[in-house]
Amino acid sequence: MLNTTTLDIAEARLGAAYAVEQHLRRHGASLCDLLDALDDPAGFAGLCDLHSAFGQPIPDTDAVEAALRDIQRVLADQIPSTLDRIGHERGLPASDMTLWHGARVSDLLARFRHAD
């Protein structure tokens, strides 16, 4: 007999992963630019892990969630002076981008927490 609670959780986690995939389609280039500018290998690796997770017929929801956590950590660890320097050197609104992407990543991670 199937456990409907387990199926409901799995379906909710897939829904959360789908939301991440849609977000990446719309805003992935901007996130990629930001992570590249931050020059933190863990953030860029997290983005690569996300893309790998979506390269499967059914995404690995645990891998998606873990990659989002890595990206969130990298964004949260940034200090204002570094973001100001990046903004000046690269002409990117790094501070605003970090706040915006950080908020979106947090929202996406919340979907995984609500699924469990």
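By the Kirkwood approach, averaging reciprocal distances over each pair of separate Cα atoms, the chain gets a hydrodynamic radius of 14.8 Å. Charge dipole of the chain (Cα centre as origin; +1 on each Lys and Arg Cβ, -1 on each Asp and Glu Cβ, all else neutral): 240 debye, rounded to the nearest 20. Across region 30-35, computed HN-Hα scalar couplings (Karplus, 6.51 cos²θ - 1.76 cosθ + 1.60, θ = phi - 60°) run 5, 5, 4, 4, 5, 4 Hz from first to last residue, x flagging Gly and Pro. For region 57-73, the Karplus equation 6.51 cos²θ - 1.76 cosθ + 1.60, evaluated at θ = phi - 60°, returns couplings of x, 10, x, 7, 5, 5, 5, 4, 4, 4, 5, 4, 5, 4, 5, 4, 4 Hz by residue, with Gly and Pro reported as x.
With one equal scatterer per alpha carbon and no solvent term, the Debye-computed log10 I(q)/I(0) for region 58-116 at 0.21, 0.30 1/Å reads -0.79, -1.18. Here the relative contact order of the chain, from alpha carbon pairs under 8 Å that lie six or more residues apart, stands at 34 percent.
Based on DSSP H runs of at least 4 residues, each adding -39500 (n - 2.57), what is the mean residue ellipticity at 222 nm of the chain after dividing by all its residues, to the nearest 500 deg cm²/dmol? Display every interim value, and only then the final one.
Details: 5 runs with 97 residues, N = 116.
That calculation yields -28500 deg cm²/dmol at 222 nm.
Each value in this text was obtained by applying a stated rule to the coordinates, not by laboratory testing. Bear in mind that the values here come from a model prediction, so they are computed numbers and not experimental data. Here Cβ is always computed from backbone atoms with ideal geometry, including for glycine, and neighbour counts include all displayed protein chains.
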